[in-house]
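Please treat every number below as a calculation from the coordinates, not as lab data. What you see is a predicted model, and the numbers here were worked out from it, not measured in a lab. Backbone-built Cβ (ideal geometry, glycine too); neighbour counts: all protein chains shown.
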Amino acid sequence: MEFVFQDTVLHFFRLPHEGKAYAQVPHYGLLLSQNRFRILIAGDCEVASPALRDTLAGQAVNLAILDFPWLTLPQGRAFVREVIRPEHLLVYHLPFPEDDCFGYRKAAEWAVGKLPEVPDIRLLEAPFQSEII
């Protein structure tokens with residue numbers, strides 16, 4: 001499904017939801033384009049989804065906004081490196097420090113160094129955090 005507003009295009013596409021328990025839950029990603037700048041928002045998409053690979057085939061992504069498992073899991077980093085290839089990566093959905101009983105925040109900080117192909121990786125760690133790209 002595509003919506004066009006002057007020089008902005010919103011392209012929504014069906015993606016599989018992460019987790020077997022949510023496999024039947026409808027889920028959509030968004031590729032937002034303005035002029036030649038493209039932003040990918042995959043939401044809670046299955047990490048390294050073949051459906052996302054097919055959707056992005058041959059398309060450049062300037063900014064990817066992805067859930068933290070895309071950074072912390074090896075298959076997520078490989079997909080970012082080989083398929084998405086963003087110039088900028090914003091990583092979200094990290095738990096608050098007081099709720100991080102599994103060490104996801106520390107794992108995300110460590111994983112930033114495992115993806116040198118992406119020149120700009122930023123972790124969204126605070127409520128209402130803003131970034132300028």
Which residue out of 64, 48 is among the hydrophobic types (A, V, I, L, M, F, W, C) and within 17 Å of residue 133 (Cβ to Cβ)? 64
Inspect the stretch 5-13 for any residue being surrounded by 15 or more Cβ atoms within 10 Å (Cβ to Cβ), in contact (Cβ under 8 Å) with a residue 24 or more places away in the chain and out of contact with any Asp or Glu (no Cβ under 7 Å at 6 or more places or on another chain) and give the result as yes or no. yes
Please tell me if residue 34 is more than 30 Å from residue 109 (Cβ to Cβ) and either over 11 Å from the mean Cα position of the chain (by Cα) or of a type outside the set (Asp, Glu) (or both). yes
All but one of (1) within 18 Å of residue 130 (Cα to Cα); (2) of a type outside the set (A, V, I, L, M); (3) over 12 Å from the mean Cα position of the chain (by Cα) hold for residue 74; which doesn't? (1)
Filter the stretch 20-55 for residues that are part of a loop (DSSP other than H, G, I, E, B), of a type in the set (Gly, Ala, Ser) and free of Cβ contacts under 8 Å to residues at least 24 places away in the same chain and give the result. 23
So which of 90, 30, 71 is surrounded by 17 or more Cβ atoms within 10 Å (Cβ to Cβ) and either out of contact with any helix residue (DSSP H, G or I) (no Cβ under 8 Å at 6 or more places or on another chain) or aromatic (Phe, Trp, Tyr) (or both)? 90
Among the helices (runs of 4 or more DSSP H) contained in the stretch 67-133, which hold 1 or more residues that are among the basic types (Lys, Arg)? 74-79, 104-112
Do we have any residue at all in the stretch 51-64 that's within 23 Å of residue 28 (Cβ to Cβ), polar (S, T, N, Q) and either touching a helix residue (DSSP H, G or I) at 6+ places or on another chain (Cβ under 6 Å) or surrounded by 17 or more Cβ atoms within 10 Å (Cβ to Cβ) (or both)? yes
